[in-house]
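The values are calculated or read from the model by the stated rules, or taken from the named source; none is laboratory data. Being a predicted model, the structure only gives us computed values, none of them experimental. Virtual Cβ from ideal backbone geometry, glycine too; neighbours counted across all protein chains shown.
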Amino acid sequence: MKTSHPPFSSLPQPWDRIVPHIATIMVWGMLFGLVFLLRSFFLLLFLTFVFSTIQANVVARLHKYINNRTIRVVLVEILFLIILSMVGVFLVPKVKVQTELFMSQFPAYLERVDQEIFELSSRYPLLTEILPELVIETSETNKQAVMSNEPAFSPSRSMLQQLLKVGQESGGIENVNHVLGTLGNIGGKIAAVTSTFLLSILFSFLILLDLPRLAASVRGLEDTKLRFIYLSVADDIRDFSQVLGRALEAQLIIATVNSILTAIGITILGIGQHVAFLSVIVFFCSFIPVVGVFISSVPICLIALQSSGMQIMFLAVLLIAVIHLIEGYILNPRIYGSYMRINPVIILIILTIGGKVFGFWGLLLGVPICTYLFGYAIRIRDRSQSR
């Protein structure tokens, strides 16, 4: 059997220990630089990885039933395409229509929220003591608005403006309206993402079909002059892809269950005319730990308040809480076990920093990356056992 020696073992001390670290830093720097250069294709790369990981796991589980790997790959791909086609034919049109309807009625939702805030402030004087600027600013601003024929002060729009971090002193409402108008153009966004989905499906199928030979080719780098690159990053990339793949696969199951439970719940509450839009929001927000629950709750509560009043909105909040408890105490322990269980405070810190620095991708990948760094990368382990 061929023995493997470290690529820099022949160097004199202490260079035999220093040079490997320098080479590792250079290799990782080149890798991050390549990712930065390909940042415009990141969605394509990410979807290709997700589709390949999910299908590869299904292909591996079918091995005890079908020996021929090519047949397994083709069957899984056909099933995958059937599921996506059903979603595209039956769900996407409804989501498009309901999303556009939600965005067109969004000002009415905010007006209803303002109405409830004003009624609560007049009914419970304690609110005016806690937030005295609400009544003062409302009364004065509304008088000026009536005289100048401008929109009245809106607490909900003010809160939305602060959350979106747009328009501090002037142009705030216009910026909010611009953001809402951009979100309302969901049809154009769906059309732009469709091509990326199709390409990622094609690439994932080709990768999965030829995966054994691709893996053998990558392992063959160990016998080339690029051996130090392979030894520097191969194990870490493999471990990270496994961690990320398991996390996304588990979260996909949780997101699907959350969406189904939400669809059943909002149908029972009588707001089923928005079921497709709200279920999709819940599905995608389920991939964002902790914060995703609050993001997906906002449209559910707004629609419930506008359609049926405060009582149905409180029932919607109760529904969300029950689903979250099912996720936290039943789904997560069974799917994750002790794997990737992090303190919620640490998750919020990771999401805050990741979202501020990397935006959406920081929210989506921040927790799995930190889990890998602190659970795998910085731990000392026997590399020979991981091969």
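In table form, for the structure just shown:
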read-out	value
Residue under evaluation PHE358, criteria (1) aromatic (Phe, Trp, Tyr); (2) over 17 Å from the mean Cα position of the chain (by Cα); (3) modelled with pLDDT of 70 or more, criterion not met	(2)
Sole residue being over 13 Å from PHE49 (Cβ atoms), surrounded by 16 or more Cβ atoms within 10 Å (Cβ to Cβ) and of a type in the set (Phe, Trp, Tyr), chosen from PHE240, PHE228	PHE228
Which listed residue is surrounded by 13 or more Cβ atoms within 10 Å (Cβ to Cβ), modelled with pLDDT of 80 or more and of a type in the set (Ser, Thr, Tyr), from THR99, THR128	THR99
Unique match (being touching an Asp or Glu at 6+ places or on another chain (Cβ under 8 Å), in a helix (DSSP H, G or I) and within 21 Å of GLY355 (Cβ to Cβ)) among ILE295, ILE254	ILE254
Odd one out for ILE350 among (1) crowded, with 19+ Cβ neighbours inside 10 Å; (2) of a type in the set (A, V, I, L, M, F, W, C); (3) within 28 Å of ALA108 (Cα to Cα)	(3)
Positions within the range 217-251 being in contact with a helix residue (DSSP H, G or I) (Cβ under 9 Å, 6 or more places away or on another chain) and outside any helix (DSSP H, G or I), in sequence order	THR224
Pairs where the first residue, in the range 253-281, is within 15 Å of ILE323 (Cα to Cα) and in contact (Cβ under 8 Å) with a residue 40 or more places away in the chain and the second is outside any helix (DSSP H, G or I) and not aliphatic (A, V, I, L, M), C-beta under 8 Å, 6+ apart	ILE254/SER286; ASN258/SER286
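So that you can scan it fast, the table gives a plain yes or no per residue for (1) hydrophobic (A, V, I, L, M, F, W, C); (2) assigned to a helix (DSSP H, G or I); (3) surrounded by fewer than 16 Cβ atoms within 10 Å (Cβ to Cβ):
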residue	(1), (2), (3)
ALA56	yes, yes, no
VAL59	yes, yes, no
HIS63	no, no, yes
THR70	no, yes, yes
SER85	no, yes, yes
GLY88	no, yes, yes
VAL95	yes, yes, no
MET103	yes, yes, no
